[in-house]
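Structure record follows, encoded as structure tokens.
The values are calculated or read from the model by the stated rules, or taken from the named source; none is laboratory data. As the structure is a prediction and not an experimental result, all values here were calculated from the model. All Cβ positions, glycine included, derive from the backbone under ideal geometry; neighbour counts span all protein chains shown. Just so you know, the surface numbers come from the protein's heavy atoms only, side chains and all, with ligands and any DNA or RNA stripped out. Shrake-Rupley method; radii C 1.70, N 1.55, O 1.52, S 1.80 Å.
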Amino acid sequence: YHCSETKDYFEPDQIYKSDRYGFNNPDYVYNEKEIEIVLIGDSFVHGSCVNQDKGFAGNLRNLYKKKGIISIGWRGAGPLKELGMLTEYGIKLRPKNILWVYFEGNDYIELVREKKYKILENYLNLNFSQNLFERQDEIESILIKQINENINKRFKLDWHDENVILSYLIHRAKLWNIRWNFFYRKNYTPNKNDFDFEKFKKVFSVAKF
């Protein structure tokens, strides 16, 4: 469930059924004898806010009339997460081509954030893998448990489908944009001068192998 690029405020958002690994593809793509292309990237490759057949992978499938084109992108991903995508899924799918999409608008920000997490830094080690491709049942079990816990304990869902106008006004009254710009933005948006170019080069050096 995610946003819609073309909707007005009170129209439904986009809903898609993910593939067997949780990515934004029709599941039939894995039935092909040959995988032509695997795409890696952030929200653009994920296909956020558009219909499944209108994302990068969907457009390529329509353009080339080939089903074996798979997106393993995810919104908010940066270079280290994308190296993880390559390690855990991209290589395992044995595609003819890998298309890695870099977005200069914010991927430098994501790298600054990601290098704080040891699990992501581990992907700079050529021998590291969590074997996620073979652990889907375990992943789904953990996700279902966490989602249920978050819904019941942490998230206070105050958007009411039966009265979207009231909900919209309530959200505006909370002045979220003002709070974000004055109190939160600095903590969540690193300065571009903090970009670790050596780390960035190492990511692609490891990816080449």
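First check a/c for region 1-138, with a ≥ b ≥ c the square roots of the eigenvalues of its C-alpha gyration tensor; if it is under 1.5, answer rounded, and if not, answer prolate when a/b is larger than b/c or oblate otherwise.
Oblate, since a/c reaches 1.5 and b/c is not below a/b.
Kirkwood Rh and Cα-based Rg: tell me the resulting Rg over Rh for region 43-96, rounded to two decimals.
Dividing the radius of gyration by the Kirkwood radius yields 0.99.
Subtracting the Cα-Cα distance from 0.36 nm times the residue separation, let me have the gained length for LYS201 to GLU32 in nm, one decimal.
Gain on extension, LYS201 to GLU32, equals 57.5 nm.
Roughly how many Å² is the accessible area per residue of region 21-119, as a whole number, for a 1.4 Å probe?
Accessible surface, normalised per residue, equals 49 Å².
Just want the answer: with Cβ charges of +1 for Lys and Arg and -1 for Asp and Glu, which residue in LEU39, CYS49, TYR16 is farthest toward the dipole's positive end in region 12-51?
Going by the Cα projections, it comes out as TYR16.
Could you work out how far apart the two model spin labels at ILE91 and GLU121 are, taking each label as a point 7 Å from the Cα in the direction of the beta carbon, and quote it in nm?
Simple spin-label model gives 2.1 nm for this pair.
Compute, for region 9-86, the length of the dipole vector about the Cα centre, with Cβ point charges of +1 (Lys, Arg) and -1 (Asp, Glu) only. Units Debye, rounded to 20.
Numbers: 10 positive and 10 negative charges, 36 e Å.
Approximately 180 debye in magnitude.
Using only alpha carbon pairs under 8 Å that are at least six residues apart, calculate the relative contact order of region 43-95 and give it in whole percent.
Reported relative contact order: 33 percent.
Using DSSP to call loops (not H, G, I, E or B), can you name the chymotrypsin sites (Phe, Trp or Tyr not before Pro) in region 79-144 whose Cβ has at most 16 other Cβ atoms within 10 angstrom?
TYR102, PHE103, TYR117, PHE128
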